[in-house]
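The values are calculated or read from the model by the stated rules, or taken from the named source; none is laboratory data. In this text the structure is predicted, and so the values were computed from the model without any measurement. Neighbour counts run over all protein chains shown; Cβ positions are idealised from the backbone, glycine included. For accessibility, only protein heavy atoms count, side chains too; no ligands or nucleic acids. Shrake-Rupley method; radii C 1.70, N 1.55, O 1.52, S 1.80 Å.
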Amino acid sequence: MSTYKELVGKFVTSYSSDPSAAYAEGQIWYNTTSNTFKTALNVFAWSSGGALPTANYTGAGFGVSTAAVYAGGGSSKTTTFEYDGSSWTSSGALNTGRYELGGTTAGTQTSGLCFGGLIPGITNATEEYDGSSWTSVNNMATSVSFMGGSGVQGAAFSAGGRVPASTNNSQEYDGTNWSNGNNINTTRQATAGLGTQTAGMIAGGESPGGGTNATETYNGTNWTNAPNLGTARYRLSGSGSDYTQSLVFGGRFNPPAADKAQTEQFDGTSWTEKADLATARQQLSGNRGSSSSAIAVGGLPPPASSTTDTEEWSGAAAVQTVTTS
């Protein structure tokens, strides 16, 4: 059996009192006072954030957790709200009210994009946001709603969705025009989209056979099957400016009809289940974020009544006792 020194190259250090968690993160030591081995690990969880001014679902979200945007949503809303890390305030209205729209999850509060959605008819309308107002720009190549979308204002993607049936279509925006790209491998709608146009991802969704755990990554040209989610679901959301440091959370799965609270983190190789949302819900929105900082906004918790809830994903290193048996 290998020793800790053989594996890590260090002896286990003894302390009479624990060092700070931030200093000792990832290390193991022996506490001579409590006669226990200890370590410091990053512990992340969801906590309550500022409530949306209006209950909503299926809006577009982008920006970082302390400077985020939430636009559009149920009943073809034109509303836009900005988040400063503690509260939401109203901003300029969309030109085309819609729900089930896509957004540049990896965009910023002063440079975002929204596209497609339902008016209630399916639309290809695209708008750019500058931090205060929306400007209508060239339409999508194919009208679609309930897609997985992400990227930044000058380089976005849309994948899957409904037209009105589920589709395998993908599209790219170059800052001026949309063009159809290569098809995704698993036809689906209501999938989570995150990352950039050259390091993008879609995860989960509703395929013709039901909820799926299929995950695909995108390099700007081709879609490649990736490790599956641990929990199959659709109408979920995600956060991440790079798919190798990303989260997905919430959603729904049938049968049985059940809204999900599970949060999963992807490290570029595999998914790991983390702490659950405080409120299980579907049709919520995420943001640019990462595996260490994200927000979950709005949605439909049981029994399918829209919510104002905002939850913030964050954490810090914490000292834990190492159990041996």
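Here is how the numbers come out for the structure above:
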| quantity | calculated |
| --- | --- |
| Per-region count, segment 118-142, residues closer than 20 Å to residue 165 by Cβ, assigned to a loop (DSSP other than H, G, I, E, B) and of a type in the set (A, V, I, L, M, F, W, C) | 3 |
| Segment 51-73, residues that are surrounded by fewer than 19 Cβ atoms within 10 Å (Cβ to Cβ) and more than 20 Å from residue 132 (Cα to Cα) | 51, 55 |
| Candidates 152, 144 - the one that is touching a residue at least 12 places away in the same chain (Cβ under 8 Å), more than 16 Å from residue 62 (Cα to Cα) and not acidic (Asp, Glu) | 144 |
| Test: residue 8 is closer than 30 Å to residue 276 by Cα, loosely packed, with under 15 Cβ neighbours inside 10 Å and at pLDDT below 85 | no |
| Residues located in segment 172-185, provided they are free of Cβ contacts under 8 Å to residues at least 40 places away in the same chain, surrounded by fewer than 20 Cβ atoms within 10 Å (Cβ to Cβ) and not acidic (Asp, Glu) | 175, 176, 177, 179, 180 |
| Residues within segment 104-114 that are without any contact (Cβ under 8 Å) to a residue 60 or more places away in the chain and either touching a strand residue (DSSP E or B) at 6+ places or on another chain (Cβ under 6 Å) or crowded, with 22+ Cβ neighbours inside 10 Å (or both), tallied | 4 |
| Residue 142 of a type in the set (S, T, N, Q) and open to solvent by less than 20 Å² (accessible area, probe 1.4 Å) | no |
| Members of segment 270-315 that are touching a strand residue (DSSP E or B) at 6+ places or on another chain (Cβ under 7 Å) and among the hydrophobic types (A, V, I, L, M, F, W, C) | 271, 275, 277, 278, 280, 284, 294, 295, 296, 297, 300, 313 |
| Meets criteria (within 28 Å of residue 292 (Cα to Cα), modelled with pLDDT under 75 and part of a strand (DSSP E or B)) for residue 45 | no |
| Selected residue (criterion: modelled with the lowest pLDDT) from residues of segment 200-216 that are touching a Phe, Trp or Tyr at 6+ places or on another chain (Cβ under 6 Å) and at negative phi | 211 |
| Test: residue in segment 277-286 that is open to solvent by 50 Å² or more (accessible area, probe 1.4 Å), in contact with a Gly (Cβ under 8 Å, 6 or more places away or on another chain) and touching a residue at least 12 places away in the same chain (Cβ under 8 Å) | no |
| Counted residues, segment 186-199 - those being in a strand (DSSP E or B) and modelled with pLDDT of 95 or more | 4 |
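A quick yes/no check of all residues on (1) more than 27 Å from residue 47 (Cα to Cα); (2) in contact (Cβ under 8 Å) with a residue 24 or more places away in the chain; (3) open to solvent by 50 Å² or more (accessible area, probe 1.4 Å):
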| residue | (1), (2), (3) |
| --- | --- |
| 170 | yes, yes, no |
| 193 | no, yes, no |
| 201 | no, yes, no |
| 206 | yes, yes, yes |
| 234 | no, yes, no |
| 239 | no, yes, no |
| 251 | no, yes, no |
| 256 | yes, no, yes |
| 260 | no, yes, no |
